[in-house]
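Everything on this sheet refers to the single structure shown next.
Derivation of every value follows stated rules applied to the coordinates shown; laboratory data play no part. Keep in mind it's a predicted model, so treat the numbers as computed, not measured. Glycine also receives a Cβ, built like all others from the backbone with ideal geometry; neighbour counts cover every protein chain displayed.
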Amino acid sequence: MKLWAWIWAVPVLISFAGAQAQTSASPNTEGNSSPATSGIWHEAGPNDRMFFPKDMLWGWAQFDLSPPHNEIDPNLCAGNSYVDGGANAPCNMFARYMLSGILEVRPFGRGPLRRFMLWGAPAFLFGKNVPKTLYTWSPDAIGIEHSWGAAIYITKGFEFRITQHFLFDRLGARDKNLGVSDLGNNGPWGRYMSLGVRKTFGTRRW
């Protein structure tokens, strides 16, 4: 418990110190920057609410289509799964479609907690394909690869982040063992937890 307390306390203290330094040195310099500039801290405005401010949510969503012979492989079936039945191989979880995204939630609009953020990053996979033997446009649900975490903005584009990644969650008829080629639910990354520091930089064109 003491280790976890220090893990969270250090970036929080650094972020508070950075906030004081930015406020005293140039309170309006970064606030007037373009909203498309990465890593810029924006101080709270006079009308910002403490809880659930207007800029609470940020994210993106993306739809991907993989052409035949270029399917997305979530590492659930062996690459040679065609040896177990050819086109009728039961382990056919190679995806044609992927719907993915990131959602960041900043629930506090004022004070030190303004620097706190929660985020989630799911990816939904669909398809029914077997390498070398079966290529379809089926939208059969495969499952969800997902992670979530929290972050604290420190200063000058630096964030302290904690990430929890989960095992792959299968959906529907795929939520069972699919024969000798089934590799289990570790998916592309398995289950892990990590601590990290992110630095954002540059100006986005859009």
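Amide H contacts of ILE154 (H built 1.01 Å from N, in plane; Pro and chain starts excluded): GLU159, PHE160 sit under 5 Å, all sequence-distant by 5 or more or on other chains. Here's how it looks for CYS91: its modeled amide H is under 5 Å from none belonging to a residue 5 or more places away or on a different chain.
The aspartates and glutamates within cross-link reach of LYS54, meaning a Cα-to-Cα straight distance under 16 Å and a gap of 8 or more places when in the same chain, are GLU43, GLU104.
When the P(r) is computed for the stretch 59-197, the part past 27 Å accounts for 33% of the Cα-Cα pairs.
Coupling constants for the stretch 111-117 follow from the phi torsions by the Karplus curve (6.51 cos²θ - 1.76 cosθ + 1.60, θ = phi - 60°), and in residue order they are x, x, 5, 4, 7, 8, 8 Hz; glycine and proline get x. Counting Lys and Arg as +1 and Asp and Glu as -1 over every other residue whose Cβ lies under 15 Å from the Cβ of GLY79, the net charge comes to -3. Per-residue 3J(HN,Hα) values for the stretch 186-193, derived from phi via the Karplus relation 6.51 cos²θ - 1.76 cosθ + 1.60 with θ = phi - 60°, read 5, x, x, 10, x, 9, 7, 10 Hz in sequence order (x marks Gly and Pro). The amide H of LEU134, built 1.01 Å from its N in the peptide plane, has no neighbour under 5 Å, considering only residues 5 or more places off or on other chains. The phi torsions of the stretch 43-54, fed into the Karplus equation with coefficients 6.51, -1.76 and 1.60 and a -60° offset, translate into couplings of 5, 5, x, x, 9, 6, 7, 5, 10, 6, x, 5 Hz, rounded to whole numbers, with Gly and Pro shown as x.
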